[in-house]
Structures are given as structure tokens and as C-alpha cells.
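Notes follow once the structure below has been shown.
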Amino acid sequence: MTSLIIAGIVIVLVVTLLIKGFYPQAALFLGGLLLLGATAAFDFGEVLSADKSTNFAAFDVFKAFCTGFSSRIAGLGLTLMAIGGFSRYMEYVGASGALFSVFEKPLSKIKSPYVLLAAAFICSQCLVAFVPSHAGLALLLMVMLYPILIRSGCSPLSSLGVIGCCQFMDIGPGAGSSILAAQICGMDVSEYFVYYQMPLWLGMTVIMTFVIVFVQRCWDRHEGWNERLAHAQVLAAKNASDKSEKRAPKIYAVLPVIPLVLIICFSKVAGSSIRMDVLTAMVISTSVAIVFELVRHRNLRTVLASFQNFFEGMGKILVGVVSLIVCGEFFASGIIKSGALATLIQAADSAGFGLGSMVFFAGILMIVMAFIMGSGNAAFFSFAPLTPEIASALGVPIISLLFPLQIFVSYGRVASPITGAIIAVAGMAGYSPFQVAKRTCIPMAFAIVLTYIYYYIVF
């Protein structure tokens, strides 16, 4: 109980600092420091495993941050940085403008930007199974889709709201939480996807298309966005394109699409034995762009010098995005290591609830924890191993308890301003993650209610 009280106080402190506009990286780092410090001081648990420990608890607190930083830089962080670098290079060579010029005429026939946003959301759902990473898919859409939406008259924040919701449900054979859930339930992940996830996902996609677009329209009106501003935005984008990208041939329109083609064609879903990760796809695509530039300019020195733009884009993502993700995960680690999450889970287990009540309260717990930690996996992976025992005590199949919780954590993650994908898209567009999160949290509240209704009808 002591750990829960301390965690509650620290969470309130961090949220207060974030609301008051303090530097978010520092606020989250401070929260993680306090929680892990309390874990070491009150012996709530191990800050680091024995093989990674410095053998001095106070030092372990800081090493936990360094360990998380190095792990994240080598994994998701490097992928996000590569996407940022690729995006920056696409802007430099004029590929973004070339891509828009290809779609300009058909898009001009769509009078309402909100119809375009709806189409963009549906397109994003078609890609979820191929790109199981929320952050990875969101940044791919930022490269391919965001410039088109902006130049077509959609407001930047509405575009970010739709992209931020791209993986509002963690589904598909490649999603980590889906794999774990299927393993615990003793079934193949493809069976879990087809028989349990897909029916809910298809129905939710149809409903959420209308909900998400309606919410974006309401926010646009509330914040003063109107057709006049949209028209001025399109003209400004065209003028900028004429000045900086007018020399880019239309063939350059294929460049922003190459990463997605590589990822889809060389995937398990497409039946290929070759595997293509996002990072490798970005490097290959940038190399192809350099070849295009060599053919176009025939100046080796100038073209090779332009490669600097790729690294400048990577550096921007490191400073504004990866650092925030690392600090957010440090804070989430503090919540887990302090034992606060375990205490809540144990309380839910021992409360004597029936299946319906357990799903309701455990679902709320998972949503809240995913929102606070900015990670669905952190909350779900902590709770999932306990579900067989709880299901056995309730006398129900494991799937009836585990399936809704696996879905709920993704809603909490998408609504959180410290989720990697929300931070990444906001940073690339030059907005605060909180501005984007308020565009995603209301649709996710609708999704939570709809999923509860679906669960109680079907199960």
C-alpha cells in the first residue's frame, strides 16, 4: 500500500508539471527518479536485475535510465530517427511536392477535407497488419500522407489526430500483445486474429471513421479553423512548393512510397521468405533517392553533401522525440518497479469480482495505466501472466478475460500524450503532444464504451 500511495503522489506531481507547461522530458525524468528512488529506499523491489546492477542501489536508479536509453536508441529510437531522416531528405529533394502533384487533380474533386480525412483513416487501417508498430506506422503516414492532407486543405491538427489513431487497436499476427495473448490462451496467433480481433476491428473501423472525423471537425471549429484558413494554407503550400520543389520531376513521387512497398512486399503477410524492417527500408529508400539525385544533377559532390539532410532529420527526432520517449519509459519503469501496478492488480484479483465486474474494473485499470505510462505493452505484459489463475478462479475461459484487456490497453496508449507515436508525429509537425492527444482521447473514449458494449453482448 505504501508503494501505491507514493506512486499516486508522484503521478499527481508529474501530471501537474506537465499541465503547467514544464519541460516534459525533465518532468517525466523527475517522476521516474522519485519512483525508483523510493523503490530502492523502501526496498519495494529490485531496481535492476543482478546481472545489470552496480551493487549500489542509489547508482542503480541512474543506471536504469542509461540502460533504458541505450536499449531504446538501439531499437525503436533508431527506427524513428531513420524515418525522420528519410522524411527530411524527401522534403529536401522535393519528393513530397512531387507526390502531391500526382494526386492534386483527383483530390481537388473532393470538396470536403473531412471526407479526405475519413479516406486517410480507412487507408491507415488497411496497413495495420503490415506495420504492427504504432509509432512506425504513424511516421510512415507522416512521410506519405501528411503532406497530401495539408496541401489538400485539412487542418494540421486534424491530420495529426487521424494519423495518431492509425493503430487504435493492437491487432494482427505481428503485434506483440497479440502474440502474448495467443500464447497464454493456447492458440495460434492467426486464429486469435481471425476469430476474435477481426470481427471487432472491422466493425470498430467503420464506426470510428465517423467518430474520429466528427471529433476533428468539432475541434477545428472550436479552435477557429475554417475554409478560409484552409484555402490560405493550400495557397501557401503551393507557393512554397513552387519555390522549393518546382524542379523535382514527377517520377520523384515514387520515392516516399518505396518504404511502404518494401515493408509490405517482404513480409510474412505477403508470403515472402525475406523480411524487411522499417529501419532497413528507410536506409534503402534514402539510397534510392540519392541515386535519383545523381541522375538528376550529375554532380557527385553536391549530391553526397545533401546526405547531411538525412542526419539532420535524425538529430531533430533524437532531441524532440526519442528523448521524450526514453523519459516516459523511465517514468513507466518507476511505476512498475515500485510495485504500484502489482498492488492494483492483486487488489483486483482478490476483490471477489465475477467475470463481468473483473473485466470492467481490470479494463479501466489497464486503460489508466497505459495512459499514464504511454505504453500499452507495459501494462498488458504485467497483467497478462496473471490471467490464467484469475480465469481459473472465476471458472471461465482465459480468452474471455484476456481478449478485452488486450484491446483496452491500446485505447489508453493512443489517448496518452507521452505515447511514442503521438510524441513522434507531434514533433515532426512542430506541435505539442498534448495538442494531438486531445484530438485522440475523445475518439478513444467512444471506442472504450463501444468495446464494453460489444464484449457484454458477445461474451
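The values are calculated or read from the model by the stated rules, or taken from the named source; none is laboratory data. Everything quoted here is computed from the prediction, not taken from an experiment. A quick note on method: Cβ atoms are made from the backbone with ideal geometry, for glycine too, and the neighbour counts reach across all protein chains shown. Surface accessibility is based on the protein's heavy atoms, side chains included, excluding ligands, DNA and RNA. Shrake-Rupley method; radii C 1.70, N 1.55, O 1.52, S 1.80 Å.
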- Violations at 32 Å Cα threshold for listed pairs K63/K316; K20/K63; K20/K316; K20/K109; K109/K250 -> K20/K109
- Residue separation times 0.36 nm, minus the C-alpha to C-alpha distance between V458 and V295: what's the value? 52.8 nm
- The ³J(HN,Hα) series, computed from each phi in segment 411-423 with the Karplus coefficients 6.51, -1.76 and 1.60 at θ = phi - 60°, rounded to the nearest Hz and given as x for glycine or proline, is 5, x, 5, 5, 7, 7, x, 10, 6, x, 5, 5, 4
- Expected vector for segment 311-325, Karplus 3J(HN,Hα) from phi with 6.51, -1.76, 1.60 and θ = phi - 60°, integer Hz, x for Gly and Pro, equals 6, 5, x, 4, x, 5, 5, 4, 5, x, 10, 4, 4, 6, 5
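What's the carbon and sulfur percent of segment 1-74's accessible surface, probe 1.4 angstrom, rounded to a whole number?
Working: 3010 of 4280 Å².
Roughly 70 percent, rounded to a whole number.
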- Message: Heavy atoms of the protein only, probe of 1.4 Å, neighbouring chains included. What is the accessible area of W225 in Å², nearest 10?
- Response: 60
- Would you mind computing, in nm to one decimal, how far apart the modelled labels at D188 and T302 are, each placed 7 Å from Cα along Cα→Cβ? 5.6
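Once every DSSP H run of n ≥ 4 in the chain is given -39500 (n - 2.57) and the sum is divided by its residues, what mean residue ellipticity at 222 nm do you get, rounded to the nearest 500 deg cm²/dmol? Intermediate results must be reported in sequence, preceding the final value.
Working: 25 runs with 338 residues, N = 459.
So the helix-based figure for the chain works out to -23500 deg cm²/dmol.
Normalized C-alpha radius of gyration of segment 346-459, against 2.2 N^0.38 Å? Intermediate results must be reported in sequence, preceding the final value.
Details: Rg = 15.2 Å, N = 114, 2.2 N^0.38 = 13.3 Å.
Taking the Cα Rg and dividing by 2.2 N^0.38 Å, one obtains 1.14.
Please report the orientation-averaged projected area of segment 112-221, defined via the convex hull of its C-alpha atoms, in nm².
Details: hull surface 26.2 nm².
Taking a quarter of the hull surface, the average projection is 6.6 nm².
For the chain, take N as its residue count and report Rg(C-alpha) divided by 2.2 N^0.38 Å. Don't skip to the end; give the middle numbers.
Numbers: Rg = 22.8 Å, N = 459, 2.2 N^0.38 = 22.6 Å.
Ratio of Cα Rg to 2.2 N^0.38 Å: 1.01.
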- Task: Could you run the Karplus curve 6.51 cos²θ - 1.76 cosθ + 1.60 with θ = phi - 60° over segment 183-192 and give me ³J(HN,Hα) per residue in whole Hz, x for Gly and Pro?
- Result: 5, 5, 7, x, 9, 6, 5, 5, 5, 4
- Relative intensity, log₁₀ I(q)/I(0), of segment 13-86 from a Debye sum that treats every alpha carbon as a point, q = 0.15, 0.20, 0.25, 0.26 Å⁻¹: -0.66, -0.93, -1.05, -1.07
- Task: Within 10 Å, count the other beta carbons around each residue, average over each peptide in 8-14, 180-186, and list them highest first.
- Result: 180-186, 8-14
- Among G75, G164, I148 the positive-end extreme of the charge dipole of the chain (Cβ point charges): I148
- Note on the structure: Taking a crude spin-label model, label points 7 Å out from Cα along the C-beta direction, the Y431 to I9 distance in nm is 3.7
- Query: segment 17-160: D in µm²/s via Stokes-Einstein (Kirkwood Rh, Cα pairs, 10 °C, 1.306 mPa s)?
  - Reply: 84
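At 1.4 Å probe size, with every protein chain present, just tell me what the per residue accessible area of segment 83-202 comes to in Å².
Values: 3840 Å² over 120 residues.
Value returned for segment 83-202: 32 Å² of accessible area per residue.
With r defined as the distance between the Cβ atoms of S273 and Y195 and R0 fixed at 30 Å, what FRET efficiency is calculated, to the nearest 0.05?
Details: r = 27 Å, r/R0 = 0.89.
The formula returns an efficiency of 0.65 here.
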